[in-house]
1. If R₀ is 60 angstrom, what is the calculated FRET efficiency for the pair residue B:140 and residue B:225, using the beta carbon separation as r and rounding to 0.05?
2. Once you compute Rg and the Kirkwood Rh from C-alpha atoms, what is the Rg to Rh ratio for the stretch B:235-336?
3. Determine the shielding of peptide A:211-217 by partner chains: average, over its residues, the number of Cβ atoms on other chains within 10 angstrom of each Cβ.
4. If I fit a long axis through the Cα atoms of helix A:105-119 and take the longest principal axis of the Cα atoms of chain A, what angle between them do I get, 0 to 90°, rounded to 10?
5. Estimate the FRET efficiency between residue B:415 and residue B:267 by the formula 1/(1 + (r/R0)^6), using the beta-carbon distance for r and 22 Å for R0, to the nearest 0.05.
6. Sorted by average packing, counted as other Cβ atoms within 10 angstrom per residue and highest first, what order do A:47-60, B:362-375 take?
7. What's the angle, to the nearest 10 degrees (0 to 90), between helix B:330-347's Cα axis and the longest principal axis of chain B?
8. Compute the acute angle (0 to 90°) between the alpha-carbon long axis of helix B:170-221 and the principal axis of greatest extent of the alpha-carbon atoms of chain B; round to the nearest 10°.
Amino acid sequence: MRLLLVEDEIDIQNFLRSSLQEAGYQVEAAADGKTAERLAIGGDFGILIVDLGLPDQDGIDLILKLRQLGITAPVLILSARRTVDDRVRGLEQGGDDYLTKPFALAELLARLRNLLRRNGPPTGEATRLRVLDLELDLLRREATRSGQVLQLTQQEFVLLEYLCRNAGRVVTRSMILDKVWGMRIQPDTNVVDVHIYRLRGKVDGPGQKPLIRTLRGVGYVLKDR
Amino acid sequence: MSSKTANPLLHSAAWRISLRATLAFACGTLLVFIFLHQFVANDIQRRSDAWLAGEVDVLGDVAEQTPKNALHDRVVEEIAELASKEVPNRDTSASASNDSVFFLQTGDNDAMMLWVGTGNGQEILEAIQAKSTLPGAPMDLRVQGFDTPFRVAATRINDGSYIYLGLSERDELRVLRNLRARFILLWLLLVLFGFGIVFFTTYRMLSLTRQITEAASRIGHSDLSARVPTGALHDEVGSLALTLNRMLDRIENSMHQLHTITDSLAHDLRSPLTAIRGKLEMALSSGDQTEPIVIVIEELDRLTEFLNKSLDVAEAKADALRLARSEVDLDELLRIMIDLYEPSMSDRGLSVRLQSGGPIRIKADEALIHRMIANLFDNELKHLPAACTVNLFLKIDGGIASLTLEDDGPGFDDEVLPHLFERRVKGRQSNGHGLGMAFIDAVVRAHGGTVSALNREQTGARIVINLPV
């Protein structure tokens with residue numbers, strides 16, 4: 001997947017470039033709007049990351065120009081601005097996404113995947129999810145591990161479903177709050193950890209291989225290996 | 001600034017204003033006087049003309065009807081002398097000798113027949129002959145040897161002779177001269193007095209503005225605590241000074257808030273930054289690098305949230321918080337929030353209950369409302385001891401959505417309660433940044449609502465949030 005990274009701060013550009021390359025993207029980077037435009041026209045990129053604070057123009061204007069040029073690849077907006085511009089909201093509704101700095105790399109990667117999935121060819125929605133010996137029946141809202149039915153509450157099921165859909169990948173606390181509870185908040189208490197802790201108590205029974213792993217400081221990962 | 005060294009008074013606005021005002025006043029009064037003067041002069045002339053016409057007719061009749069004997073001249077002469085005693089505008093203080101009136105009768109050949117007046121009347125006769133004065137309306141006659149002209153009326157009697165009655169305009173001119181002299185004296189006094197008053201008032205008024213200017217320039221340079229003098233009067237300048245002072249109050253207040261924010265930011269950033277630095281140095285030297293890095297990331301996350309919250313509170317205090325309003329169901333939001341927080345609460349032995357009459361939809365900034373409610377729950381979670389209960393009541397009353405939170409914990413510290421919604425105010429046991437309640441207050445205010453907090457009578461705290469629908 002070819003990715004165009006438009007970011008004027010070289011430190012961040014370098015760090016993102018190597019991280020994204022590690023994650024399997026072919027990264028081209030531009031430090032200003034003009035270069036980005038030139039690269040984007042012939043580049044055939046699958047996805048774009050655009051920082052709003054560019055030296056020569058506003059990131060939003062760049063995106064609008066690229067759209068006029070017929071570039072339809074999804075755009076992930078990076079912004080150091082705290083309050084999100086209304087125009088960004090507009091773009092977000094159009095299928096794109098934004099992330100405010102500072103952000104967790106895991107979240108950036110997750111949002112990129114999410115954008116690509118949304119814009120990719122529709123896959124037949126599975127009714128069952130399977131990760132190792134853990135199985136989720138999405139229609140009956142029932143989870144089993146090694147054939148044993150897990151007694152999950154509705155909310156715990158949604159949380160586990162989210163972890164399963166991202167099996168093998170890190171999800172952060174704010175991603176969990178966003179996707180499972182629909183809130184972009186950052187509580188200064190450990191509310192998410194308690195939920196995970198409880199879920200783990202039900203999923204990873206005694207004697208079983210623990211599936212839900214905590215990556216301290218980052219988030220959680222549901223092991224798929 | 002050369003004008004200042006020359007003469008500050010002559011270059012002051014007060015001087016210019018008084019000069020112009022006085023000029024306008026002087027010109028105006030002068031015009032009025034000229035008009036009056038003209039009117040008085042005309043009236044005096046009209047009166048003397050009427051007298052002249054009347055007298056010359058009387059004298060003509062007398063001259064006609066008196067038999068032409070030896071007494072004729074004496075009779076006419078006496079009548080003429082009598083008439084000259086009734087001269088209008090006569091200066092009574094003047095000498096008894098009457099030189100302001102003459103009577104002249106001339107024959108067909110312009111020879112003098114009778115003369116009553118000072119001197120022999122020869123110059124007057126010549127002047128009359130030169131001007132060929134005719135009967136009719138009185139007219140002016142300049143005579144050599146006399147300073148002032150005469151007003152002369154003439155009539156012709158049936159024996160073919162002419163009778164002339166002349167009245168010197170001296171008295172008339174004297175009256176007008178007196179009038180002018182008095183006016184000019186009074187006028188000068190009035191103009192000077194007016195100039196003085198205008199100058200005094202404008203100078204005082206403008207010196208107040210000068211003081212304001214000086215005070216304002218001082219404020220710009222040194223500190224914001226100085227205020228401009230307001231003066232005793234509640235006029236335009238006074239209200240200008242008051243307005244300036246109020247503006248300065250607001251600016252000083254904002255600056256103070258800004259200082260508080262930067263101070264608290266500096267304070268609150270320093271310790272975590274120091275901790276982060278220390279952890280990273282530890283990570284460099286120690287074998288296992290995971291733990292310190294994890295702690296650093298957590299510390300950074302907290303720092304980010306603190307920064308966001310500080311800026312939100314600061315913006316809300318400055319009325320600069322931008323709201324992206326959409327429909328928010330408070331009932332649904334509270335249920336989700338309880339679902340999110342319940343496990344943490346029950347882990348700590350707390351229980352939470354909601355009493356709600358059903359969906360309550362308000363137009364609000366969803367993200368801010370989420371964060372505000374999360375703050376409420378975080379506060380409870382952090383400060384309540386075990387075995388406490390949090391009760392939430394949600395109702396709608398007259399277009400106001402009301403959320404009441406009650407707990408049976410220890411309540412707010414007494415010294416904290418009056419300042420609860422200010423920044424950096426926190427209880428003795430609190431280890432937070434002291435922003436939670438300030439943030440709640442900021443969000444509620446930004447939505448046009450009110451929030452109040454108090455300790456319940458028995459025990460525990462009660463927070464009431466009212467938001468317009």
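Nothing in this text is a laboratory measurement; each read-out follows from the coordinates by a stated rule. As the structure is a computational prediction, the values presented were derived from the model and not from experiment. No Cβ is skipped: glycine too gets one built from the backbone with ideal geometry, and neighbour counts run over all protein chains shown.
1. 0.15
2. 1.24
3. Numbers: counts 0, 0, 0, 1, 3, 7, 12.
Per-residue shielding by partner chains comes out at 3.
4. Tilt of helix A:105-119: around 80 degrees.
5. On the way: r = 20 Å, r/R0 = 0.93.
Using R0 = 22 Å, I get an efficiency of 0.60.
6. Peptide ranking by packing, descending: B:362-375, A:47-60.
7. With rounding to tens, the tilt is 40 degrees.
8. For helix B:170-221, the angle is close to 10 degrees.
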